[in-house]
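The values are calculated or read from the model by the stated rules, or taken from the named source; none is laboratory data. What you see is a predicted model; the values in this text were computed from it and never measured. FYI the Cβ positions are ideal-geometry reconstructions off the backbone, even for glycines, and counts take in every protein chain you see.
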Amino acid sequence: MERRTFLLSLPAVPLLAGGVSIPAGKFADGPHLDGKDTVRVVIENPDEPLVLRAFAILKDRIEMRCPAQVVRAESVGQIILKVSGDLPEEGFRIDGTGSGVRITGGSPQGLLFGSGKFLRTSRYDGAFHASPWRGTSMPQGSLRGMYFATHFHNWYHVAPEAEIVRYLEDLALWGVNALEICFPFINLQDWNDPQADVAVGMMRMYARVARDLGLQFGTGVNNTLFKGVPPHLRATPLPDPTHRRGNSGHPVCPSQPEGLEYIMENTRKLFQHMTDAGLDFLVHWPYDEGGCACEKCLPWGCNGFVKVSREITQLGREFFPGLKSILSTWMFDTPPEGEWQGLSDVLANDNNWVDYILADSHEEFPHYPLDIGTPGKLPLLNFPEISMWGNWPWGGVGANPLPDRYQRLWDQVKHVVQGGFPYSEGIYEDMNKVVVAQFYWDRDRSAQATLAEYVVYEFGPEVMQDCLALVEILEAAAGCSYTKQPVDPKKIRLAYEMAEGIKRRLPSWAGQSWRWELVYLRAVLDQERFVKGGLETPPAEEALSRLIEIYHCQMETDDPYHHRVRPPLRKAVTRGKEL
Ligand SMILES: [Zn+2]
């Protein structure tokens, strides 16, 4: 394809303005690969399972979008997949070879990331046009994770494994390299609870799926254990004057020798269950469901918490020698009690058991690491909440894209944060995930540039401008709804019309994708709830029913928390009440 033609067919401004990598990748003259029939791929390192996986993913995603057949060739291919030690491990390079395009990774995983860039910058207008993007790219952030909250019968909790596999592949293509899943001690009586084996099975499934893709897998640990913890071992409830730390679990006091023994014994059992699946990191979590306010544990964040986290890390490394330890400071100093300073003092003398400090809050980023520095001078991770803000139930009215919000929050921390774990309740905030994942890859890449690349890849270049405009209206409406301000009815109607217009122009593969459906249903539901008759009109109920199908929600449930993640269809039933 001529470069001019390519640029004309592209959403040139956002993609080119903000979309450069490090060092700058660029659009050069792409080879003319019509690929109407067959795209031949040469795999130079076929004994690496992840290289073969990258090929399988390329084949699947290309064939889904156009009639081309992607086949393996022994020599002379239009695409060459290669691993080379001359690149940083997670980096990739895309360059021309005369007759084709070569994607080289510094490792099989780097090749997978390069394959993602290649797929997103190729075009599929009835035939395959190989990416004209040329350059070398490597991530700036070292731990680019996602935290999937596997609870309340949300999508992560109940989706079939095949859907989860595909979704993790898609995230890995955007540069994600770590996944965190928690074991639901909080819901279980003890290891004999009939649900305990089910939960272990889910953890192991996620670990296997993630690690097969080269993603690191880890879990959260703290002093919150089973419901069946003996009463005399329980922690002293925390002071929580701002009601943001949480006291919902069954925390155990680690300053009582018997309490510490209970924590270590049950954590050991968890590690034993994970021995063959593997664990790459632990995230120690201070609050929400943890903590102890007894005299010996206070101040929790720089005293009892640090001691139990160190012990759990040492135990974990007996099972998993390379295990990384991530110390979270979530909700430190709310109220101020010197936890940040205290942790700095403790880690000044003894930081070698910790690999990362994680910091964030429900809303704005804490000041201490920005103004004073990270305790122990360790790399800093964040934990942006990308799921709950601006919508209730979470995902209940479809997609919840908030690119401007995450750009604003990122701009406050991008000079210090080196990765993190966005908190996710489901697939409806897929756009937020990729925006944040790309911040971790390239801290100066704008949310708009990422979103433009996303839309072009998932929905096609023709609808890019309209989709970005639609997302802007949806984000503004979510903000109004969250802050209880009136929405602009003209904009809501316009968003719906734009969604209808985009839908008519989509290629069939895009129109049938859940990603588009979630955006479209959101526009339908915004119009119903804000300018028409509410969420009980026939069009609203039809849209809500479709969301329930996509999320695999239960129409009748005994899970008293399921309503938090189930679209609010009138006839859906919940038996029981939240505790
Ligand atoms: Zn205590």
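From the list 270, 298, pick out the single residue that is away from the ligand (no atom under 15 Å from the Cβ) and of a type outside the set (S, T, N, Q).
None of the other options fit; the residue is 270.
Would the stretch 393-413 turn up any residue that is of a type in the set (Gly, Ala, Ser), in contact with a Gly (Cβ under 8 Å, 6 or more places away or on another chain) and at pLDDT 95 or above?
For the stretch 393-413, residues of a type in the set (Gly, Ala, Ser), in contact with a Gly (Cβ under 8 Å, 6 or more places away or on another chain) and at pLDDT 95 or above: present.
Collect the residues in the stretch 522-579 that are within 18 Å of residue 496 (Cα to Cα) and among the small types (Gly, Ala, Ser), keeping them in residue-number order.
Answer for the stretch 522-579, where residues must be within 18 Å of residue 496 (Cα to Cα) and among the small types (Gly, Ala, Ser): 523, 533, 534, 540, 543.
Hey, any hits in the stretch 318-331 for a residue that's away from the ligand (no atom under 16 Å from the Cβ), among the hydroxyl-bearing types (Ser, Thr, Tyr), assigned by TED's automatic domain parsing to the domain that holds residue 257 and not in a loop (DSSP other than H, G, I, E, B)?
The answer is yes, given that some residue of the stretch 318-331 is away from the ligand (no atom under 16 Å from the Cβ), among the hydroxyl-bearing types (Ser, Thr, Tyr), assigned by TED's automatic domain parsing to the domain that holds residue 257 and not in a loop (DSSP other than H, G, I, E, B).
Could you tell me which of the residues 490, 503 is part of a helix (DSSP H, G or I) and free of Cβ contacts under 8 Å to residues at least 12 places away in the same chain?
Every option except 490 fails the conditions.
When you scan the stretch 194-233, how many residues do you find that are surrounded by 17 or more Cβ atoms within 10 Å (Cβ to Cβ) and without any contact (Cβ under 8 Å) to a residue 60 or more places away in the chain?
11
For the stretch 282-294, which positions are out of contact with any Ser or Thr (no Cβ under 8 Å at 6 or more places or on another chain) and near the ligand (Cβ under 9 Å from one of its atoms)?
Hit for the stretch 282-294 is 291, nothing else.
Could you grab me the full set of residues in the stretch 232-249 that are away from the ligand (no atom under 12 Å from the Cβ), out of contact with any strand residue (DSSP E or B) (no Cβ under 6 Å at 6 or more places or on another chain), assigned to a loop (DSSP other than H, G, I, E, B) and not hydroxyl-bearing (Ser, Thr, Tyr)?
Across the stretch 232-249, the qualifying residues are 239, 240, 241, 243, 244, 245, 246, 247.
Let me confirm something: among 252, 229, 221, which residue is near the ligand (Cβ under 10 Å from one of its atoms) and within 12 Å of residue 185 (Cβ to Cβ)?
252
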